[in-house]
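The values are calculated or read from the model by the stated rules, or taken from the named source; none is laboratory data. Computed from a prediction, not measured in an experiment: that's the story for all the values here. Counting neighbours? That spans all protein chains shown, and the Cβs are built from the backbone with ideal geometry, glycine included. Surface accessibility is based on the protein's heavy atoms, side chains included, excluding ligands, DNA and RNA. Shrake-Rupley method; radii C 1.70, N 1.55, O 1.52, S 1.80 Å.
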Amino acid sequence: MRSIRLCLPCVLGLALFASPAAAQDVTVSFRGALTSVDNSPFADLAAGTPFTGSYTFSLSTPDSNSMEQVGDYFHTTAPYGVTVTIGTHTFRTDPSNVNFLLELVNDYQSSDNYVFHSYTNAATDGVPIDMISWQLDDPTLTLLASPTLTDSAPDITRWQQLFGLEIQGRVDWMPFFLRGTVSEVRLGTGPFYIPSPAGPQGVEGPAGPAGPAGPSGPEGPVGPVGPAGPAGPAGAIGPAGPTGLQGPQGPQGPVGPAGAVGPKGEGLFSGSLLMLDSGSPQPAGYAYVGTFDLTPSNDARGRGVLMRVDLYRKN
């Protein structure tokens, strides 16, 4: 981003031809705190030190810049200029040699800008002060409608402070810088309330007696379910429980393949008679009937041959 600070000195000479300001004066007060201190000769100033200040300009001051987007309003007489108080030190425009510029930039190089510079300043505690500046930036190009002066203070909540407030000076020709951010701006003068820094922590006193318990408040709404915690370790296996009731019979499964054919049985039905040589063991499934002597009818010698058998009936 361009720096308005770099282009302003080229038009400084135009201030010599600016007409004296008329009586349409506007004063803007501000306060803030330092953000950085570089090579400062003021030992009591550090980042965080609060400051207050004000600047005064005239609405009758002519625009000395020929560019349509830029308005340069140089002031060369008192009471115009800026005053900043930081701690016990006051930095101000030299009232006997005022060279104070208020510049407004509208829709130029992708930014709106609100800037002041005090080019000649009184020494502070014997220390030369070269420049007192403040710059606001608006990359949205919406905060300025034109570069014309108005009697309103900038809305500090809407501007950016890339540079902020800056005071430059010299000690034995070595430069130093005090930089800060403005936190509040208003029209007119008057003291700002700046809280005093907190004192040291005191000794804690004894605890007082407990007061009576207050009435119970209404039950609050149920909070959201929290995230699941990690799984805990597995517990010990408990004893076996009692056998449950038998469930319903499931569906019949498919019929299996036919088995191999077994050996052929005796083929007798109940009531059939079975003759065995007398004295043979009684077969299972049969009832003993009696023992008989049998004589064959076709004996070749023409005489009978006796055969004793045991007769059994199938159950």
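Residues that are among the hydrophobic types (A, V, I, L, M, F, W, C) and under 30 Å from ARG313 (Cα atoms) within region 226-270 comprise VAL261, LEU268, PHE269, listed in sequence order. Within region 136-167, the only residue that satisfies the criterion of being among the aromatic types (Phe, Trp, Tyr) and either within 21 Å of ASP94 (Cα to Cα) or modelled with pLDDT of 95 or more (or both) is TRP159.
Given the structure, is LEU178 open to solvent by less than 20 Å² (accessible area, probe 1.4 Å), closer than 22 Å to PHE57 by Cα and either in a strand (DSSP E or B) or small (Gly, Ala, Ser) (or both)? No: the conditions fail for LEU178. A single member of GLY253, GLY223 is part of a loop (DSSP other than H, G, I, E, B), more than 37 Å from the chain's Cα centre (by Cα) and farther than 30 Å from THR35 by Cβ, and it is GLY253. Contact map, region 54-68: first residue touching a residue at least 40 places away in the same chain (Cβ under 8 Å), second residue in a loop (DSSP other than H, G, I, E, B) and open to solvent by less than 10 Å² (accessible area, probe 1.4 Å), Cβ cut-off under 8 Å, separation 6 or more or different chains; the map is empty. Cβ-Cβ under 6 Å, sequence separation 6+ or interchain: first residue in region 216-231 and at positive phi, partner open to solvent by less than 100 Å² (accessible area, probe 1.4 Å). Which pairs? Pairs found: none. Tallying residues that are assigned to a strand (DSSP E or B) and surrounded by fewer than 17 Cβ atoms within 10 Å (Cβ to Cβ) within region 92-130 yields 2. Can we say SER133 is within 40 Å of the chain's Cα centre (by Cα), at negative phi, at pLDDT below 95 and not basic (Lys, Arg)? When the stated conditions are applied, SER133 does not pass them. Within region 33-91, count every residue that is of a type outside the set (S, T, N, Q), open to solvent by less than 30 Å² (accessible area, probe 1.4 Å) and not in a strand (DSSP E or B). Final tally of qualifying residues: 3. Considering (1) modelled with pLDDT of 85 or more; (2) in a strand (DSSP E or B), say which one LEU274 fails and leave the rest. LEU274 satisfies all of (1) modelled with pLDDT of 85 or more; (2) in a strand (DSSP E or B) except (1). Answer yes or no: is there a residue in region 185-193 that is in contact with a Lys or Arg (Cβ under 7 Å, 6 or more places away or on another chain), surrounded by 10 or more Cβ atoms within 10 Å (Cβ to Cβ) and within 25 Å of LEU59 (Cβ to Cβ). Taking every residue of region 185-193 in turn, at least one turns out to be in contact with a Lys or Arg (Cβ under 7 Å, 6 or more places away or on another chain), surrounded by 10 or more Cβ atoms within 10 Å (Cβ to Cβ) and within 25 Å of LEU59 (Cβ to Cβ).
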